[in-house]
Amino acid sequence: MKFESQLLKGIAPVVVLEILSRGPMYGYELCQTIEKRSHDILCLGKGTLYPLLYNLEAKRLVSTEWQTAESGRKRRYYAITSKGTGELAKQKDQLKHLVNGLDLVFGGALSLA
Amino acid sequence: MDRNDTNSTPVMVQETINRVIKKMRYRKKVRADVRAELEAHFEDALAECSTPQEQQALAEELIGEFGDIKVLATLIRRAKKRCRPLWAKVMIRTGQVVGLCVLYVLLCMSRLMIGSPTIKVGMVDRINETSQQGHEDVQNAWPGIKRAMSLLDPLPNALADHPRYSDMDETQQQNLARYVQENQPAFAALNEAVKKPHCWRPFNPVPKDAQMKGTGGVFVPQLMETVRLSALLQEQLMPDMKKCRDLTWALNYHRQWVVDQGKTESAMADSETLFRLGHHLAGSGLLTEQMVGTAIVSLACDSLFDTLGKLDTNEFLLARTQQDLESLFRKDQPWVELTLEKAFAEDLIQGGFTDDGHGNGRALSSGVFMLGGSPSGWWKQLLLFNFPDRRQAQKHIDSFFEDLKRWHMIMPWDRRNQTFVLSDQSISTIYAVMQKPALERAGDLQWQAKLGAQAALTVLSIKRYQVRHGMLPDTLNALAVDGLMKTVPRDFYSDGPLTYQRKSDTDFVLYSWGENFQDDQGMPSTNREGESRRFGSQGDWVFWPILR
């Protein structure tokens, strides 16, 4: 199932921060992890991913570091910062409220589903 | 180079990355960074493909997932810009603001640069006409004064510091006697010249290519013609003023010499000549001339007091001198005359504004000196390039000189607790702010000189009274009662007449309260450093007895 891009755009930062909160990752790895953990429901367009990561970096919610893998390949790793952790908590809280609100609107249909 | 040629990814991937990087249009280092990251992304994704065909198919799919290349490049560029450190953001914003300001200023300045003034009246002609005031050439004392200056030998070096005749040794006195005798023709010429009723010093035309000393002829002449002319006229004036000063001192030495000879009449005549010369210069011309004239009047006062203190006189001589001086100083107002200074200001307007043919015009670059409003409002006007037009500037100037005239007319005592505040119309111009201190001070000096003349007339009257009655008057009122003075002489620095105290039948004290506006019981004035001064800021201005 493909989400409307605007819908996904709103939750993409919090999804990325959530994944990064479990450990530093490089772009491709992050993309794969999101798909895997969401059972392919959430699939960030690659054209969205990198600008999103750079924006999070600009807001100092993530930090970056180049690392060289054993294969000799250089990758840029993204890690959540303490500011990012705080922002994630805040966003998660808001998301939870949003889901609760939506659930109430739909008369519990969301929970049942 | 942006591209990594050692990369093993398919060509179409490399081309896609190249297009993204190219369209990013951003700093080289950032582009290299993004390229490396995108390459790593594709390499990771394609690593699991076992055949080139698989790689090709997956690469096409991955490229499709990236969407529109142009949009991607734009989004990356925007995001990377946000990643800039704060100092870089501040620098860039500052640069942008400065750039905009420069652009704005250049745009506005261009308006000041376009157009040219219409010079209808030449500055020198205007000055010469104004100072002549329609008088006949034969009434002008200046050519005679100039002749006297040319007849005078340079002051000997021994007189450079203006020592008193009585302090000189015998040889010096002999040398001085020879000098003043040899220069009798100069003194005679001066004596004749100053008897003429008017005095104006005509200026020579200034050649168009004449430049001010020290400017190299580059900046000032092009920016402001009036400044150039003003400086060039001062250059014409200053040598004459120096000669005038030498002539004054030389004549004063002549007077000291004749005092030593006991020739009262000749000494009094010399003092009177000095008074006339000072009066001529003080009452017209440029401010510089007027200030020189004021100083000569002060010297004339001192010279008269010195003569009266050393020699006996008769009533006839005293009365004649008094009458002559009264005719010179009959005007109540100070002599400061700002017509020519105003002519300069009007020339600034003429050269600083365009002329629309109806008496108005807009400011050119040199018209910024006529900026109006309060000083804080200058910034607003400068920033908005909202300069007054020609009519407003003329109004500012008219008002400024009216204010000055009004201020100069107020007796120092009456304005002792006030400061000179310009009216709203004239407070503003940069010109006014620049000129105000000098013009204000000129008025003060004129009041002092006038006070000196007043004191001289009073001493003459007292001496007449003494000759007539064999004793000094008890009060100055006695002079008026006796008809020796029309009114009791006013002290411009107190609320009453000059302070007079009779000490004995032969001794008296005459002084003004001076600039501190208080009676210090005749304590001679000093400057703030305690040095003795005729018109010092502390103590009283003592005219009699004569102080060394």
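A few comments on the model shown:
- Modelled FRET efficiency - R0 35 Å, B:D495 with B:R468, Cβ distances, 0.05 increments: 0.70
- 10 Å Cβ neighbours from other chains, averaged over peptide B:75-86: 4
- Taking every C-alpha pair closer than 8 Å and separated by at least 6 residues, the mean separation divided by the residue count of the range B:473-548 gives a relative contact order of 23 percent.
- Total charge dipole magnitude, chain B, about the Cα centre, Cβ charges on Lys, Arg, Asp, Glu only, Debye to nearest 20: 1460
- Pairwise label distance in nanometres, B:F517 with B:N157, each label 7 Å out on the Cα-Cβ vector: 4.9
- Modelled label positions at B:R84 and B:N204, each set 7 Å beyond Cα in the direction of Cβ, lie 6.3 nm from each other.
- Short-range pairs are left out: with C-alpha atoms under 8 Å and at least six residues apart, the relative contact order of the range B:11-110 is 35 percent.
- Where GluC sites (Glu not before Pro) in DSSP loops with at most 14 other Cβ within 10 Å are excluded, longest remaining stretch of chain B: B:137-528
- Over chain B, Cα pairs under 8 Å with separation of 6+ residues give a relative contact order of 10 percent.
- Dipole magnitude of the range A:5-112, debye to nearest 20 (Cβ charges: Lys/Arg +1, Asp/Glu -1, about Cα centre): 280
- Total lysine pairs in the range B:394-548 at Cα distances under 19 Å, for residues eight or more apart or on different chains: 7.
- Gained length - B:E65 relative to B:N175, 0.36 nm times residue gap less alpha-carbon distance: 28.4 nm
- Protein heavy-atom accessible surface, 1.4 Å probe, per residue over the range B:401-518: 43 Å².
- Within a straight-line Cα-Cα reach of under 17 Å, B:K263 can be paired with the following aspartates and glutamates, leaving aside sequence neighbours fewer than 8 residues apart in one chain: B:E272, B:D306, B:D312, B:E315.
- For the range B:11-110, size of Cβ-based charge dipole, Lys and Arg +1, Asp and Glu -1, in debye: 1260
- Taking label points 7 Å from Cα along the Cα-to-Cβ direction, A:K92 and B:K195 give a separation of 11.5 nm.
- Rounded to the nearest 0.05, the FRET efficiency derived from the C-beta distance between B:T130 and B:D398 at R0 = 22 Å is 0.90.
- Residues B:R330 and A:K59, FRET efficiency given R0 of 56 Å [Cβ-Cβ distance, rounded to 0.05]: 0.05
- Phi to ³J(HN,Hα) by Karplus 6.51 cos²θ - 1.76 cosθ + 1.60 over the range B:90-103, Hz, x for Gly, Pro: 4, 4, 5, 4, 4, x, 5, 5, 4, x, 4, 4, 4, 4
The values are calculated or read from the model by the stated rules, or taken from the named source; none is laboratory data. Quick caveat, the model's predicted, so the values are computed rather than measured. Please note: Cβ atoms are built from the backbone with ideal geometry, for glycine as well, and neighbour counts cover all protein chains shown. Each accessible area value is taken on the protein alone, full model and side chains, heavy atoms only, with ligands, DNA and RNA left out. Shrake-Rupley method; radii C 1.70, N 1.55, O 1.52, S 1.80 Å.
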